[in-house]
Amino acid sequence: MVILITGFIFSACEKVIEIGLADAKPVIVIEATITSGKEPFTVLISKTSPYFGTSTKELVSGAKVSLHTDNGKPRYFTEQSPGIYKMEKVTAFVNNWYNVDVEYDGVTYSARSYLHAQVPIVDITLSHFDGLGFFDSGYKINCFIRDPANIENFYRIKAYIDGKAVNNDGEIDLYSDKLFDGKVIGFVQHSSTVFQETDVVTVELQAIDQAAYNYFSTLENITGIEMIQSASPANPISNFSNGALGYFSAYSADRKTVTIKDYLKK
């Protein structure tokens, strides 16, 4: 398939953030995700001092975790193991606001996220990277979509090799349609991961809301810096209230799987 590329979105410039290393009181970290697919809704809760350090996280048990729409009744998560709360066999509907409440130690932490409709992947292409310095040679994947018009859209792309999520060491592929609303867009992979001919790669395009985009964008900027967890502005922008770190992201996703060597034969 030949596609006219109307626009390319590239990674934003990174900036250095200086962070004070004074000791800070441990705070709650909440990572909550729900999708429009069949995956269980998941909330991970921990409490730790060094947010990106090597210290072991203190998993939080005994929290009361619920989910509801703006006008709906709450449904409750089940703690399946320390710090891991799940809700299974439920369906989230697009074009709705969802709210997560976490009650722990007398405090309620709340966040809301908008579940956008799925945006299909139109096509995937490969580009060869020759390698440079410490970076290996291999193939990078570019993803093409038709952006819905008159809607402010934000996207995240994740990759899986043989079903296992690729760890980009803090690199996060994020995109916005700010300059290309309603057009065909080519999302050029800006993370350093490369794929080899034998890899079976699944590309997942997530349609996320602005709050999740802001969180992951600031997280990417400071990942890799040794920092002490606190409520300071140096932490990623969280959409949870009462000083909790982390995020709540409701998203829909489209996926395509390619075998690199088969694609190259086309």
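The values are calculated or read from the model by the stated rules, or taken from the named source; none is laboratory data. All values derive from a computational prediction rather than experimental measurement. All Cβ positions, glycine included, derive from the backbone under ideal geometry; neighbour counts span all protein chains shown. Just the protein is used for accessible areas: all its heavy atoms, side chains included, with ligands, DNA and RNA removed. Shrake-Rupley method; radii C 1.70, N 1.55, O 1.52, S 1.80 Å.
Compare the peptides 140-146, 189-195 by average per-residue count of other Cβ atoms within 10 angstrom and give them in order, highest first.
Top to bottom by mean Cβ count within 10 Å: 140-146, 189-195.
If I take R0 = 35 Å and measure r between the Cβ atoms of Gln196 and Glu39 in this structure, what FRET efficiency does the formula 1/(1 + (r/R0)^6) give, to the nearest 0.05?
Values: r = 28 Å, r/R0 = 0.79.
After rounding, the FRET efficiency stands at 0.80.
Shape of the stretch 113-266 from its Cα gyration tensor (a ≥ b ≥ c, root eigenvalues): rounded if a/c is under 1.5, otherwise prolate when a/b > b/c, or oblate?
Here the stretch 113-266 falls in the oblate category.
So the label point goes 7 Å from the Cα of Asp181 along Cα→C-beta, right? Which residues of the stretch 117-151 then have their backbone N under 19 Å from it?
Residues 117-119, 145-151 fall inside that zone.
Considering only protein heavy atoms, what per residue accessible area in square angstrom results for the stretch 53-199 with a 1.4 angstrom probe?
Counting only protein heavy atoms, the per-residue value for the stretch 53-199 is 57 Å².
Could you work out what % of the accessible surface of the stretch 58-144 is carbon and sulfur, using a 1.4 angstrom probe and leaving DNA, RNA and ligands out of the count?
On the stretch 58-144, the fraction of accessible area on carbon and sulfur atoms equals 50 percent.
Once both labels are modelled 7 Å past Cα along the beta-carbon direction, what's the Glu88-Ser110 spacing in nm?
3.0 nm
Any idea what the dipole of the stretch 112-205 comes to, in debye rounded to 20, about its Cα centre with Lys/Arg Cβ at +1 and Asp/Glu Cβ at -1?
Using only the charged Cβ atoms, the result is roughly 360 debye.
How far, in nm, would the chain grow between Lys158 and Glu58 when pulled straight, counting 0.36 nm per residue and subtracting the alpha carbon separation?
33.3 nm
Taking the mean number of other Cβ atoms within 10 Å as a proxy for protection, how do you rank 126-132, 65-71 from highest to lowest?
Result, highest mean Cβ count within 10 Å first: 65-71, 126-132.
Charges at C-beta only: +1 for Lys and Arg, -1 for Asp and Glu. How large is the resulting dipole of the stretch 108-266 about its Cα centre, in Debye rounded to 20?
Computed about the Cα centre, the dipole is about 360 debye.
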